[in-house]
1. Determine the pairs where a residue that is of a type in the set (Lys, Arg), located within the stretch 253-265, has a partner that is surrounded by 15 or more Cβ atoms within 10 Å (Cβ to Cβ) with Cβ atoms under 7 Å apart, the partner being 6 or more residues away or on another chain.
2. Return the residue satisfying two criteria in turn: it lies in the stretch 285-311 and is hydrophobic (A, V, I, L, M, F, W, C) and either farther than 24 Å from TRP364 by Cα or assigned by TED's automatic domain parsing to the domain that holds TYR82 (or both), and of such residues it is farthest from the chain's Cα centre (by Cα).
3. Report yes if some residue within the stretch 349-369 is modelled with pLDDT of 95 or more, polar (S, T, N, Q) and farther than 21 Å from TYR242 by Cβ; otherwise report no.
4. Could we say that ASN380 is more than 17 Å from the chain's Cα centre (by Cα) and polar (S, T, N, Q) here?
5. Which residue out of LEU120, LEU104, LEU57 is touching a Cys at 6+ places or on another chain (Cβ under 6 Å) and either under 30 Å from LYS372 (Cα atoms) or not assigned by TED's automatic domain parsing to the domain that holds GLY278 (or both)?
6. Taking the residues in the stretch 294-317 that are in a helix (DSSP H, G or I) and in contact with a Phe, Trp or Tyr (Cβ under 9 Å, 6 or more places away or on another chain) as candidates, determine which candidate is surrounded by the fewest Cβ atoms within 10 Å (Cβ to Cβ).
7. Considering every residue within the stretch 248-266, establish whether at least one is among the hydrophobic types (A, V, I, L, M, F, W, C), under 28 Å from GLU90 (Cβ atoms) and within 29 Å of the chain's Cα centre (by Cα).
8. Just give me the residues in the stretch 103-133 being more than 20 Å from the chain's Cα centre (by Cα), in a strand (DSSP E or B) and not charged (D, E, K, R), in sequence order.
Amino acid sequence: MVIEYSTIKTFQDLFSESTDHFLNQFKCVVKPDIKNGMDLPFILSKKYRNDKVNPILQLARPKDARAIVEVYKKIYKGSYPYKEMEDIQEVRRKISEPQYEWLLFRTPTEEIAGCFTYELDFKNKRGYMRGFNIKPQYQGTIDAVKAVVGSMIGIWSQYRGKICHWYCENRTAHTKSQYLSVVCGINPIAFFPNKDVFFGKIESDIMHIAYNSKALTKYRSLQIPKIIPSVKPCFQYSQEKYHLGQCSMVCPSIGLDSTKIKTLKKHIDLTIDRSPFGYETITISLNKSSQFQFLYTPQVQNFEKTKYHVNCREELFVYLTEFKRIIQEWNIRYAESFISAYEPFHQKLFYEHGFRPRGYVPSWYYNPYDGKFEDAIVFNWFKGEMVPPHLIKQGVDLIKRIN
């Protein structure tokens, strides 16, 4: 708990079980005024080295775009694979849009020492945290723990009630970002082997997530998840963390109509929508009411953000067959999809096509028709041998359990 002058004595004091619990610790201590500049008037124990400089947090304005780009270029020296973060006009555009929030870390002398990005998906009431960056000359000087804690206080307070869960994909070439996430109660939930490339080297990502408590209770769907046996270890891991209740184990038979599949294959249509900075949205369709779409990032040779709508099992089979063909022909290293926890046949089809479950994510999708969140399962595939990840204890536990 936070006590007089918000002195936090141990790691356990700072750790929170939900975003609500986290914010309640600081409600009488910190004024979350990120628009005008937010001080962090609390003390961390010596474990966190109190001789470091307290950052001042402030929301970025369009005029700060150049300074943000400079942060990325200073750290990655031009090697950052997501090039929109090195483009001043694009960063300025994002800062001006309501679905992005950019925090700056300023020194007491008003210099910009780093930044942090939040992408807001209001449709799914979901927030994505990315790009926690501190310039090399301030690393080890600025209090990174306070910067992260303060960022969560500021942004989570501002979007309390609008965003119900926050997630990030942490690097595993080192454990710094994993540790900083867990400090705020943002816990490991899924593993993405060999997904990314930084400084020219392949590495895995580990997904961490934090929930508003009601997203897992009052607003979680009452449907009982239906999962195939290979998903069970992932479900059990999440069940022990979040007390999800029961699930139904299902072993569906494939039972596909080969004649229908043959006919469907004749109607495959593939379109590519190329956007700035190298991204390509690939859409495979069979008719006007059915499609399979995903994002291709050539810089890191991966497919992600897969979404699909099908009218029958045979359509999904055809899509997945085509998906795997493209993976092989384009020399893709990694591919992922979040699959409904209530569609065991879909889960089995992905499994039969070489994808493996590596995380059970409760309350991932928001259903606007009944106002409830629905669970999802991370299925992914990767090429070759996995690069050994560097993980904190909580990450090691996740990998052991889901594998």
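The values are calculated or read from the model by the stated rules, or taken from the named source; none is laboratory data. Everything numeric here is computed off the predicted structure, so don't read it as measured data. FYI the Cβ positions are ideal-geometry reconstructions off the backbone, even for glycines, and counts take in every protein chain you see.
1. LYS260/GLU314; LYS265/VAL318
2. LEU286
3. The answer is no; no qualifying residue exists.
4. no
5. After applying the criteria, what remains is LEU104.
6. Only one residue fits best here, namely ARG313.
7. The answer is no, given that none of the residues of the stretch 248-266 is among the hydrophobic types (A, V, I, L, M, F, W, C), under 28 Å from GLU90 (Cβ atoms) and within 29 Å of the chain's Cα centre (by Cα).
8. Once the filter is applied, which keeps residues that are more than 20 Å from the chain's Cα centre (by Cα), in a strand (DSSP E or B) and not charged (D, E, K, R), the stretch 103-133 yields LEU104, PHE105, ILE112, ALA113, GLY114.
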